[in-house]
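Before any comments, here is the structure.
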Amino acid sequence: MLDQDTLDRIADELHQAFTTRTPMPRLSARYPGMTIDDAYAVQGVWRRRNEAAGRTLVGRKIGLTSRAMQAATGITEPDYGIVFDDMVFETGSVFDWDSYTHPRVEVELAFLLNRDLKGPGCTLFDVLNATEYVVPALEILDSRIEMQGRTVVDTISDNAAMGAMVIGGRPVRPDAVDLRWVAAVLHKNQSIEETGVAAGVLGHPAAGVHWLANKIAPHGDLLRAGEIVLAGSFTRPMWVDKGDSVFADYGNLGTVTCHFR
């Protein structure tokens, strides 16, 4: 594994890339032997620094769970990142495009937990029993590492490219609808850009949540009651530019919108 000085130096570079909005060179090219554990160690340094600075963890995001996303990135393993309190917005929010590194938008479902989820051995049924509401959400991706040729160690180190999330539509109990068949139509400036069905996320959107609970268990971590978990996109990421309006229609679950100025 990479030594602590190297992990700290990479975390410094990521912070600089976030501040300047200038993506840093790929870690996978600079550290050919870098492992997934190294990447999560970098993410851990970043998380602890932000918590020390006063940001509060309110949830997690899961990425690369659907074939649509894996085909779009060339990465075949799911990953996860941290969601802080200042990353969560309500539908209709307006974002400064310049605050992100050429953002992209994804269509997802978010799970609000009412009890802890801890692996190993966490199952789909455990997730459904621990979920208070499922709600439509958009994820805004923000890459601090150059994208061309990225591998999973780059995305994990970059907090799974998490920028922000926008929650809207109609929250539902997990047994109120067949979550596999929740569908969405993603518009940009009145044009349909993407469509998808939630079953594209590992066969069931809750599957990513129990994958995450089991993945973080060996590190002594768990998903806590009150956290909100973005379960993964079931469309390809959609590029947005200044002036673009985004509208996602989830049918009887309502709509989510945002605008980039």
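The values are calculated or read from the model by the stated rules, or taken from the named source; none is laboratory data. Everything quoted here is computed from the prediction, not taken from an experiment. Heads up, the Cβs are rebuilt from the backbone with ideal geometry, glycines too, and the neighbour counts pull from every protein chain shown. Surface areas here come from the heavy atoms of the whole protein model, side chains and all, with no ligands, DNA or RNA. Shrake-Rupley method; radii C 1.70, N 1.55, O 1.52, S 1.80 Å.
Highest mean packing first, where packing is the average number of other Cβ atoms within 10 Å per residue, the peptides 226-235, 183-192, 247-256 line up as 226-235, 247-256, 183-192.
Distances between placed amide hydrogens fall under 5 Å for ILE145 paired with MET24, all partners being 5 or more residues away or on another chain.
As a test of the formula, what do you get for the chain when each DSSP H run with n ≥ 4 contributes -39,500 (n - 2.57) and the sum is divided by the residue count, at 222 nm and rounded to the nearest 500 deg cm²/dmol? Taken over the chain, the calculation gives -7500 deg cm²/dmol.
Mind checking which of PRO23, ALA11, VAL42 is farthest towards the positive end of the range 1-113's charge dipole, using Cβ charges of +1 (Lys, Arg) and -1 (Asp, Glu) about the Cα centre? Most positive-ward Cα: PRO23.
May I ask you to order 139-146, 120-127 by the average number of other C-beta atoms within 10 Å around their residues, highest value first?
On the way: 139-146: 22.8, 120-127: 15.6.
So the peptides 139-146, 120-127, ranked by packing, come out 139-146, 120-127.
Near HIS187, the amide H atoms lying under 5 Å from its own belong to GLU193, PHE247, ALA248, ASP249; only residues 5 or more places off or on other chains count, and H is placed 1.01 Å from N.
How large, in percent, is the carbon and sulfur part of the accessible surface of the range 30-189 at a probe radius of 1.4 Å?
Reported share for carbon and sulfur atoms: 53 percent.
Each Lys and Arg adds +1 at its Cβ and each Asp and Glu adds -1 at its Cβ; summed about the Cα centre, the range 178-261 shows a dipole of about 120 debye.
The lysines within cross-link reach of LYS215, meaning a Cα-to-Cα straight distance under 23 Å and a gap of 8 or more places when in the same chain, are LYS61, LYS118. Per residue, the chain exposes 42 Å² of accessible surface when a 1.4 Å probe is rolled over the protein heavy atoms with every protein chain present. Mind checking which of PRO218, SER99, GLY33 is farthest towards the positive end of the chain's charge dipole, using Cβ charges of +1 (Lys, Arg) and -1 (Asp, Glu) about the Cα centre? It is PRO218.
Using the Cα centre of the range 17-174 as the reference point, and only Cβ charges (+1 on K/R, -1 on D/E), how large is the resulting charge dipole? Debye, rounded to the nearest 20.
Numbers: 17 positive and 20 negative charges, 31 e Å.
So the magnitude is around 140 debye.
In this structure the amide hydrogen of GLY232, modeled in the peptide plane, comes within under 5 Å of the amide hydrogens of ILE62, LEU109, none closer than 5 places in sequence on its chain. Between the range 162-182 and the range 81-105, what is the C-alpha centre distance in whole Å? Their Cα centres are 18 Å away from one another. Taken one residue at a time, the phi angles of the range 96-102 give Karplus couplings (6.51, -1.76, 1.60, θ = phi - 60°) of 7, 4, 5, 7, 10, 9, 6 Hz. Gly and Pro are set to x. Computed from backbone phi, the HN-Hα couplings of the range 159-172 come to 6, 6, 6, 5, x, 6, 9, 10, 9, x, x, 10, x, 10 Hz, rounded to whole numbers (Karplus: 6.51 cos²θ - 1.76 cosθ + 1.60, θ = phi - 60°; Gly and Pro given as x).
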